[in-house]
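Any read-out appearing in this document is the output of simple, stated calculations on the displayed coordinates, not a laboratory observation. Keep in mind the model is a prediction, meaning the values are calculated, not measured. Here the Cβ positions follow ideal geometry from the backbone for every residue, glycine too, while neighbour counts run over all protein chains shown.
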Amino acid sequence: MAQFQNQELEYMIDDEYYDMTDFEHNNNNNNNHLQKNCAEDSMDSDFEDDFDQNKSKTDTSAEEARNGKDIQGIPWERLNFTRDKYRETRLKQYKNYENIPHSREHLEKVCKKVDKSQTLYNFQFNTRLVKPTVVHFQLRNLLWATSKHDLYLMQNYSVMHWSSLLKRGKEVINVAMPVLPTLKYPGSFSRSLSRVQVSTMAVRDDLIVAGGFHGELICKYLNKPGVSFATKIADDENAITNSVDISYGSSGSTRVMTANNDALIRVFDAKSFTCTDSFKFPWSVNDTSVSPDGKLLAVLGDSTECLLADAHSGKEIGKMKGHLDYSFASAWHPNGQIVATGNQDTTCRLWDVRNLSKSLMVLKGRMGAIRGIRFSGDGRFMAMAEPADFVHVFDTESGYGSGQEIDVFGEIGGISFSPDSEALFVGISDRTYGSVLEFNRRHRNQYLESMF
C-alpha cells in the first residue's frame, strides 16, 4: 500500500481528495468545529473540549430532515450553489486514487445493473459530537457497532464510544497518553506505547483491537479496566498495521489477526495475547478477514489477485482473479460461502468459495475505490463504502439487483451494521461537517418500524 504520513493527525486526508472548505468559507457558524489539533504538544484528550461546547443545534434528527433540513446540516440555502449543482461538480472533478492505471470501459460492461431507488434504511440521526479521524487515506475500518445503540470509533487520539440512545459520547482509550498494559502475560511481549496513530480497528463482543501506523497493536476488554495488551508487532519503518480481525477458532477460542505492510499476517491468542503463528505472503497485506466458521482466510493486498487461505496454516487454497488494482476491503456473508472484496478499480466482487474460477458478480461504485464492505448480521444486506460521498446498500435477497444509494458529502471513515441488522452507521471525516450518521432499517410493517 502507499506510504502516507501527515503530522496533522486530525486532517489526514490528502488535499487531492475531498475537503469541504467550500462550505466553510460560506458558513458563518463554523466556530463549532474542532479547533484543537491533535498533533500539538498538548496531551489532553480532545473529547472534553468537544463536549464542553453546545453542539445540539448542529445535530439533525429524522423529523428535521423530513421538514427540509439537510441531514448533515449543510446550509445550502446560504450558499452560492445548490446541492445538485455541487454534486454534479464533485462527480466531474473527483480523482480516484490508483496504484495501477486502468481503463473503466471494460468494467462498465461486466458490472451488474442495480436499481438503487429503494429505501432499505431510513435516516434517523446525525451528530457532530463525535467524528471519525482517518490516519491513512486507503484505510477506512474505523467504525464498529456492537448494538443498535452502541458505536465505537477512532477520533484523533481517542477511541470513543457513542450511545445513540443517550446521545452521549465517552472516551474509552486515550492513545496520546502513554498506554500502559494492566495485565502481564508470559511470552506476550507486552510493552507501553504512546502517541499511537490508529490506522485500523475492530470490535467484537467485549474486545477492542486497534492497529497503529507504526506497527502497533492495542487490545482492550470493555469489561476490564485499562488496556489489556499493547505492543509493536513490527519494527520496519513502513510496517503499518493495515487491518485487524477478531474471530473464533474451531475450539471456540478468540483469535486476533493482523495484516501489515511487511507482508505478514500474525495470529494472536486473545486470552494470553501470545503470537501463535504468522503467515508470509508475496506482497503487502492490506486486509484480511476470517470466515464465520473460522476455517478460511481472505487475504488482500498490493496485487490484483486476492487469495483464499487456510485460517490455521496460512496455506493458499485458491486465487480470486478479476480486479484491476490493489484491494483494501473484504467481508464474509454469514453463510460462509460468499466473500466480497473491494478494490481501487471502483468495484466490489462477490466470490463463491466453492468455485473461485470466476466472480459471481461485479458491483460498481459511483466515483471512487471501494474501501469498506459490511454484511448485515442476518445476511439480508451488504453495504459498501467509497472513499468519499457514497455508501451503497444492496438487498442480497434480490440477487444484489436492488438497493439504496446513501449520498453525502465528505470522506467516509467507516460503516457498520448493528449486530441485529436494525441500524447502519456511517462515519464522516471532515473538518467542519465530520459526524456520525445513523440509519434505521425500514420494515414493511409500519407499526413494527415505529418501534425501532
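What the phi angles of region 268-278 give under the Karplus curve with 6.51, -1.76 and 1.60, with θ = phi - 60°, is a coupling list of 10, 7, 7, 9, 9, 6, 8, 7, 8, 6, 8 Hz, glycine and proline written as x. Of all beta bridges that DSSP places with both ends in region 175-280, some 95 percent have antiparallel geometry.
Annotation: amide H of Ala423 within the under-5 Å range of Ser418, Arg441, sequence separation 5 or more or interchain, hydrogens built in the peptide plane. With both labels modelled 7 Å from their Cα along Cα-to-Cβ, the Ser398 to Ser194 distance reads 5.4 nm. FRET efficiency for the pair Glu98 and Lys232, taken as 1/(1 + (r/R0)^6) with r the Cβ-Cβ distance and R0 = 51 Å, rounds to 0.95. The alpha-carbon atoms of region 175-280 define a convex hull whose volume equals 91 cubic angstrom per residue. Taking 0.36 nm per residue of separation and subtracting the Cα-Cα distance, full extension of the segment from Thr276 to Asp420 would add 48.6 nm. Annotation: extensible slack from Arg444 through Glu171 equals 94.6 nm (criterion: 0.36 nm per residue apart, minus Cα-Cα distance). Which residues in region 404-428 place their backbone N less than 17 Å from a point set 7 Å from the Cα of Phe81 along the Cα-to-Cβ direction? 408-411, by backbone N distance to the label point. Here the peptides 145-156, 106-117, 352-363 are ranked by packing, the mean other Cβ count within 10 Å, and the order with the highest first is 145-156, 352-363, 106-117.
Backbone geometry of region 93-103 corresponds, through the Karplus equation with coefficients 6.51, -1.76 and 1.60 at θ = phi - 60°, to 3J(HN,Hα) couplings of 9, 5, 10, 7, 6, 10, 8, 10, x, 8, 8 Hz, x marking Gly and Pro. Checked against a 28 Å cut-off, the cross-linked pairs Lys69/Lys92; Lys57/Lys95; Lys95/Lys116; Lys271/Lys321 give Cα-Cα distances beyond that limit for Lys57/Lys95; Lys271/Lys321. Over 29 Å apart at the Cα level, from the set Lys148/Lys224; Lys167/Lys295; Lys85/Lys167; Lys113/Lys319, are Lys167/Lys295; Lys85/Lys167.
Rounded to the nearest angstrom and listed largest first, the equivalent-ellipsoid semi-axes of region 136-178 from its Cα gyration tensor are 19, 15, 7.
Annotation: extensible slack from His106 through Ser61 equals 12.0 nm (criterion: 0.36 nm per residue apart, minus Cα-Cα distance).
The simple Förster model, with R0 at 25 Å and r as the Cβ-Cβ distance, assigns Asp293 and Leu360 a FRET efficiency of 0.80.
Rank by packing, highest mean first: peptides 336-346, 222-232, with packing defined as the count of other Cβ atoms within 10 Å averaged across residues.
So the order, starting with the most tightly packed, is 336-346, 222-232.
Compactness ratio for the chain: Cα radius of gyration over 2.2 N^0.38 Å (N = residue count) comes to 0.92.
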